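**Q** Got a structure here, written out as C-alpha cells. Questions coming.
The values are calculated or read from the model by the stated rules, or taken from the named source; none is laboratory data. Note that this is a predicted model, so its numbers are computed, not measured. Cβ coordinates were reconstructed from backbone atoms using ideal geometry, including for glycine residues, and neighbour counts include every protein chain displayed. Calculation scope for accessible area: heavy atoms of the full protein, side chains included, ligands and nucleic acids excluded. Shrake-Rupley method; radii C 1.70, N 1.55, O 1.52, S 1.80 Å.
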Amino acid sequence: MQLKSRYHEAPDMAAAMELCYAKGWTDGLPVVPPTADRVADMLAAVKLEPDHEVAFIENRQVSVTAEKVAINAVLAGCKPEYMPVVVAAVEALADPLYGYHGPATSTGGSAVLMIVNGPIAHELDMNCGDNLFGPGWRSNATIGRAVRLIMRNTIGTLPGELDRSSLGHPGKYTYCIAENEAQSPWPGLHVSRGFKPAQNAVTIMAALGVHQYSNGLSATPEGILTTACAQMRISAGTSRKTFYAMIFAGEHMAIIAKAGWTRDDVKNYCAEHTQVSLAELKRINIRDGSVTPEDETTMMSLVHEPNDFLVVMAGGLAGVQSARRRSPGKYAAREAARSVPIVRQPRENIMSVRIYDPTIEAKGRKIAYAPRPKSLAGLRVGLVDNSKHNSDQLLMRIAGLLESDYGVKTHVMRRKKTAGIPPSDEIVKEFKAACDVVVAGVGD
C-alpha cells in the first residue's frame, strides 16, 4: 500500500514523539508516531484506499482522505478496530445538516459529541455506564481524540485561528460515549434516527460542556424533568433557539422506564416546561429594555420543536444524577461499518523511525462563485439573519446604507433557525426568485 503523505525521519521513538510536538500535530498530550505499518493497519480495518475521500468540508474546501484519517487515528492511540467509528464520525462532520463551520469557529466553544449505537459499541468495549464522560476507556478516549486531531491537523481547526473559542471545554480533547441500549426502555437512539437496531451508527452534535443536575427527591418523570427544565429554562433568553442532548442515568433512568414514558413524552414535556417570560429575561439582563406588562405573558421557548431534544439513556446505574448539554448547531448521523479481519503489516526492523504527516498538503477542489455585479444600483438584496443577538439590527443598517449610498432597489430579510446550520430550502428558493445578490450572514 503506497502512502502519499510527506514523511519525516527520526532516530528513535522518543525523537519521533518530540517531532510530533514540534510540528504542532498534538493536542498537548503525547501521541503515537504514525509509522507506515500502523497507518496501513488502520486502512486495512475499513478496506479503504489511501486516496479515498471520506469527507469534503465545504466551508474549508478541504478533502479529508482515508490516509489522513488513518494517520490521525494512529496519533490518537486508536486500535485499527476503532476505524469504522472514526470514519463514520468524519463523514457526519461534512453533512450540511451539521454545518461544520459554525460550531468549529464560533466563540461559543462547542466540541463534537459522538454517541455510538449498535453492536460495535459492545465489541469495542465502549463505555456507556459509570464515569460516562470521564477517563478509563481506550475506545471512548481515542475515538473522540482522533476526530479532534483530524479537525486540527487536516481541516485546520486550530485554537486562535479557525477555532475562535473564548473558553472551550475539556470535551475538545475527546467527547465520545455509547448509549446503554441493553438497559434503555427504548430502542437505540440510532433507531429513532432511521437506522435498524442491528446497524452500527454514530450520531454527532456540536455540544457545550456537561451540565449535571441531581434530584433524589422525585419518584416520577415529571419530578425529575422539573429539575432539568428549571436549569435549562434560562437559556430560552438567548437570541437564537438551539438544541439539547439529555442524558439520563442511574435511578432517573429506572424511574422513567417504570412509568412507561417514551422518548417523545420526555421531549414534549421539556419543550412545554422550558418556556420563560420575556419579563424575567429582562430582569436578569438576558434581554434588553424595560419590563412592560405585556412582557409578563410573552413566553420565550427554548427550542423550535420537541425533536430538538436528543434523549439518550447512558451512565452509571447508581446515583440520582443526570446531565444535559446545549448545542449551537444541529446533529447528524452516519453508519459505522463493522471492522474486517486485519492482516497486520510487517514491522520494519530498523533503527530510525519514519512517521507520516497528518496535515493537508494540497488545496481542496475549486468552488465556482456566482459572478459579482458591477453595480448594485436597482438590484434586489437578500439578507440572511443568522439568529444571533442584534444580527437583525446590523443587517437592517447594512440594507439602509446599500439603498441610500449604492442605489439598491429593495431588500428582503429572512431568519435562519440557528447560526450553525444553512438557510432552509424555502429561504434559498425565495431568494433565488426574488433577489439579485445576498448578504449571507454576519460573524461574532
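**Q** Which of the numbered conditions does Cys128 fail, given that it passes all the others? Conditions: (1) surrounded by fewer than 24 Cβ atoms within 10 Å (Cβ to Cβ); (2) part of a loop (DSSP other than H, G, I, E, B).
**A** The number of the failed condition is (1).
**Q** Residues Gly144, Gly209: which one is under 22 Å from Phe248 (Cβ atoms), touching a residue at least 40 places away in the same chain (Cβ under 8 Å) and under 14 Å from the mean Cα position of the chain (by Cα)? Lay out the reasoning, then the answer.
**A** On the way: Gly144 fails: touching a residue at least 40 places away in the same chain (Cβ under 8 Å).
Only one candidate passes the filter, namely Gly209.
**Q** Still on this structure, I have one more. In the list Ala399, Ala419, which residue meets the criterion of being open to solvent by less than 30 Å² (accessible area, probe 1.4 Å) and farther than 17 Å from Gly102 by Cβ? Spell out how you get there, then give the answer.
**A** Details: Ala419 fails: farther than 17 Å from Gly102 by Cβ.
Of the residues listed, the single one that is open to solvent by less than 30 Å² (accessible area, probe 1.4 Å) and farther than 17 Å from Gly102 by Cβ is Ala399.
Here's the yes/no breakdown for (1) assigned to a loop (DSSP other than H, G, I, E, B); (2) open to solvent by 60 Å² or more (accessible area, probe 1.4 Å); (3) without any contact (Cβ under 8 Å) to a residue 12 or more places away in the chain; (4) more than 24 Å from Gly109 (Cβ to Cβ):
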residue	(1), (2), (3), (4)
Arg233	no, yes, no, no
Met246	no, no, no, no
Met253	no, no, no, yes
Lys267	no, no, no, yes
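**Q** Return a yes/no flag: does segment 54-64 have any residue that is farther than 20 Å from Gly171 by Cβ, among the aliphatic types (A, V, I, L, M), modelled with pLDDT of 90 or more and open to solvent by 10 Å² or more (accessible area, probe 1.4 Å).
**A** yes
**Q** Of a type in the set (Ser, Thr, Tyr), in contact with a Gly (Cβ under 7 Å, 6 or more places away or on another chain) and open to solvent by 10 Å² or more (accessible area, probe 1.4 Å): which single residue out of Ser165, Ser106 fits that description? Break it down into steps so the answer makes sense when it comes.
**A** Numbers: Ser106 fails: in contact with a Gly (Cβ under 7 Å, 6 or more places away or on another chain).
The match here is Ser165.
**Q** While we're here: Which ranges mark the helices (runs of 4 or more DSSP H) fully within segment 66-112 that have 2 or more residues being of a type in the set (A, V, I, L, M)? Break it down stepwise before answering.
**A** On the way: elements: 66-76, 83-93, 101-105.
The helices (runs of 4 or more DSSP H) meeting that bar are 66-76, 83-93.
**Q** Give just the number: which of (1) outside any helix (DSSP H, G or I); (2) open to solvent by 20 Å² or more (accessible area, probe 1.4 Å) does Arg152 not satisfy?
**A** (1)
**Q** Then there's this: Within the group Gly382, Gly378, Gly441, Gly400, which residue is outside any strand (DSSP E or B) and in contact (Cβ under 8 Å) with a residue 40 or more places away in the chain?
**A** Numbers: Gly382 fails: outside any strand (DSSP E or B); Gly378 fails: in contact (Cβ under 8 Å) with a residue 40 or more places away in the chain; Gly400 fails: in contact (Cβ under 8 Å) with a residue 40 or more places away in the chain.
On inspection, the qualifying residue turns out to be Gly441.
**Q** Of all residues being under 25 Å from the mean Cα position of the chain (by Cα) and among the charged types (D, E, K, R) in segment 415-439, which is modelled with the lowest pLDDT? Just the residue, please.
**A** The qualifying residue modelled with the lowest pLDDT is Lys417.
**Q** Restricting segment 83-98 to residues that are of a type outside the set (A, V, I, L, M, F, W, C) and open to solvent by less than 10 Å² (accessible area, probe 1.4 Å), which is farthest from the chain's Cα centre (by Cα)? Walk me through how you get there before you give the answer.
**A** Going through segment 83-98, the residues of a type outside the set (A, V, I, L, M, F, W, C) turn out to be 84, 91, 95-96, 98.
Filter once more, so that each one left must be open to solvent by less than 10 Å² (accessible area, probe 1.4 Å): 84, 98.
On the way: Pro84: 18, Tyr98: 7 Å.
So the residue we want is Pro84.
**Q** Residue by residue through segment 302-321, note down the ones that are surrounded by fewer than 23 Cβ atoms within 10 Å (Cβ to Cβ) and over 16 Å from Asn180 (Cα atoms).
**A** Val303, His304, Glu305, Pro306, Asn307, Asp308, Val320
Residue-by-condition table, conditions (1) buried (at least 20 other Cβ atoms within 10 Å of the Cβ); (2) at pLDDT 90 or above; (3) over 27 Å from Arg283 (Cβ atoms):
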{"position": "Lys196", "(1), (2), (3)": "no, yes, yes"}
{"position": "Val202", "(1), (2), (3)": "yes, yes, yes"}
{"position": "Met205", "(1), (2), (3)": "yes, yes, yes"}
{"position": "Val210", "(1), (2), (3)": "no, yes, yes"}
{"position": "Tyr213", "(1), (2), (3)": "no, yes, no"}
{"position": "Ser218", "(1), (2), (3)": "no, yes, yes"}
{"position": "Pro221", "(1), (2), (3)": "yes, yes, yes"}
{"position": "Ala230", "(1), (2), (3)": "no, yes, no"}
{"position": "Gly237", "(1), (2), (3)": "no, no, no"}
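**Q** Answer yes or no as to whether Thr274 is under 30 Å from Ser387 (Cα atoms), among the polar types (S, T, N, Q) and surrounded by 20 or more Cβ atoms within 10 Å (Cβ to Cβ).
**A** yes
**Q** Does Pro135 satisfy the criteria of being more than 19 Å from the chain's Cα centre (by Cα) and either open to solvent by less than 10 Å² (accessible area, probe 1.4 Å) or without any contact (Cβ under 8 Å) to a residue 60 or more places away in the chain (or both)?
**A** On the way: more than 19 Å from the chain's Cα centre (by Cα): yes; either open to solvent by less than 10 Å² (accessible area, probe 1.4 Å) or without any contact (Cβ under 8 Å) to a residue 60 or more places away in the chain (or both): yes.
Spelling it out, Pro135 is indeed more than 19 Å from the chain's Cα centre (by Cα) and either open to solvent by less than 10 Å² (accessible area, probe 1.4 Å) or without any contact (Cβ under 8 Å) to a residue 60 or more places away in the chain (or both).
**Q** Among the candidates Val291, Val266, Val303, Val312, which residue alone is more than 17 Å from Met232 (Cα to Cα) and hydrophobic (A, V, I, L, M, F, W, C)? Lay out the reasoning, then the answer.
**A** Values: Val266 fails: more than 17 Å from Met232 (Cα to Cα); Val303 fails: more than 17 Å from Met232 (Cα to Cα); Val312 fails: more than 17 Å from Met232 (Cα to Cα).
Result: Val291 is the single residue among Val291, Val266, Val303, Val312 that is more than 17 Å from Met232 (Cα to Cα) and hydrophobic (A, V, I, L, M, F, W, C).
**Q** While we're looking at this one, here's another question. Report yes if some residue within segment 370-379 is of a type in the set (Ser, Thr, Tyr), surrounded by 13 or more Cβ atoms within 10 Å (Cβ to Cβ) and either over 21 Å from Thr105 (Cα atoms) or within 29 Å of the chain's Cα centre (by Cα) (or both); otherwise report no. Don't jump to the end; show me each part of the working.
**A** Just the residues of segment 370-379 that are of a type in the set (Ser, Thr, Tyr), to begin with: 375.
Next, from what is left, pick out any that are surrounded by 13 or more Cβ atoms within 10 Å (Cβ to Cβ): none.
Checked against the condition, which is being of a type in the set (Ser, Thr, Tyr), surrounded by 13 or more Cβ atoms within 10 Å (Cβ to Cβ) and either over 21 Å from Thr105 (Cα atoms) or within 29 Å of the chain's Cα centre (by Cα) (or both), segment 370-379 yields no hits at all.
**Q** Can you run down the residue pairs with Cβ atoms below 9 Å, 6 or more apart or on separate chains, where the first is in segment 298-326 and without any contact (Cβ under 8 Å) to a residue 60 or more places away in the chain and the partner is open to solvent by 30 Å² or more (accessible area, probe 1.4 Å) and hydroxyl-bearing (Ser, Thr, Tyr)?
**A** Final answer for the pair search is Thr298/Thr292; Pro306/Tyr269.
**Q** From the residues in segment 381-390 that are buried (at least 17 other Cβ atoms within 10 Å of the Cβ) and within 23 Å of the chain's Cα centre (by Cα), which one is farthest from Arg287 (Cα to Cα)? Talk me through it step by step, then tell me what you get.
**A** Residues of segment 381-390 buried (at least 17 other Cβ atoms within 10 Å of the Cβ): 381-388.
Subsequent filtering for residues that are within 23 Å of the chain's Cα centre (by Cα) retains 384-388.
Working: Val384: 22, Asp385: 18, Asn386: 18, Ser387: 14, Lys388: 13 Å.
If we take residues in segment 381-390 being buried (at least 17 other Cβ atoms within 10 Å of the Cβ) and within 23 Å of the chain's Cα centre (by Cα), then Val384 is farthest from Arg287 (Cα to Cα).
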